[in-house]
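Engineer: Below you will find the structure I want to go over with you.
The values are calculated or read from the model by the stated rules, or taken from the named source; none is laboratory data. Predicted, not measured: the structure shown is a model, and the values here were computed from it. Note: ideal-geometry Cβ built from the backbone for every residue, glycine included; neighbour counts use all protein chains shown. SASA here: full protein model, heavy atoms, side chains in, ligands and nucleic acids out. Shrake-Rupley method; radii C 1.70, N 1.55, O 1.52, S 1.80 Å.
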Amino acid sequence: LEISRIEAARLKFTFRKTNLQETVKETVKFMEGFAKEKNIKLVVTTGKLPNIEVDPDRISQVLRNLIHNAIKFSPLDSSIEINTELKKSHIQFSVKDQGIGLKSEDQIRVFEPFYQVEGTLSQKLGGTGLGLTICRGIIEAQKGKIWVESKPGYGSTFYFTVPFTPVHE
């Protein structure tokens, strides 16, 4: 349903002035239960952020998906870093894991619908291959950007940006 809304450019957003530091804290607290199953530590670094008009539930949805993937592909007893950084016209988020990493050809395709990296844990661990596609739809609908930087064997860092000014239409 979310993919259909994204394709039809009818994704629903409920904007309100939001303290994104609180949104990040609440999201990470929610995800800690999943992380504990693999004894993974979630480390949050967030500087002072302005309150901006945004849909906090959509930001949380993107963060939950990225953190969930990071947990899924990270080894036991590792850590995941969640960061926010204030830029000139937006806030940049990142989720960095110590997992298996991605080859460059997979980095390009990982946001495509139903795409799953072949020959890795992703097929064993399940999933639909739609989570990152939905994240991309949410972020791009707001004129933000989403991307990954990764190297096989060295983990992945997923980034996304949220502009200060929302897109209402």
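Engineer: Is it true that Leu63 is open to solvent by 40 Å² or more (accessible area, probe 1.4 Å) and of a type outside the set (D, E, K, R)? Quick ask: steps written out before the conclusion?
Structural biologist: Values: open to solvent by 40 Å² or more (accessible area, probe 1.4 Å): no; of a type outside the set (D, E, K, R): yes.
Answer is no for this residue.
Engineer: Any residue in the range 58-76 that is out of contact with any strand residue (DSSP E or B) (no Cβ under 9 Å at 6 or more places or on another chain) and hydroxyl-bearing (Ser, Thr, Tyr)?
Structural biologist: Checked the range 58-76: at least one residue is out of contact with any strand residue (DSSP E or B) (no Cβ under 9 Å at 6 or more places or on another chain) and hydroxyl-bearing (Ser, Thr, Tyr).
Engineer: Tell me which residues, restricted to the range 97-114, are open to solvent by 40 Å² or more (accessible area, probe 1.4 Å) and in contact with a Gly (Cβ under 6 Å, 6 or more places away or on another chain).
Structural biologist: Of everything in the range 97-114, those that are open to solvent by 40 Å² or more (accessible area, probe 1.4 Å) and in contact with a Gly (Cβ under 6 Å, 6 or more places away or on another chain) turn out to be Gln98, Phe114.
Engineer: A further question on this structure: Inside the range 140-159, can you point out the residues that are over 23 Å from Arg58 (Cβ atoms) and buried (at least 19 other Cβ atoms within 10 Å of the Cβ)?
Structural biologist: Ser150, Gly155
Engineer: So is Thr27 among the hydroxyl-bearing types (Ser, Thr, Tyr), at pLDDT 95 or above and surrounded by 15 or more Cβ atoms within 10 Å (Cβ to Cβ) or not? I'd like the intermediate steps shown before the answer.
Structural biologist: Numbers: among the hydroxyl-bearing types (Ser, Thr, Tyr): yes; at pLDDT 95 or above: yes; surrounded by 15 or more Cβ atoms within 10 Å (Cβ to Cβ): yes.
Judged against the criteria, Thr27 is a match.
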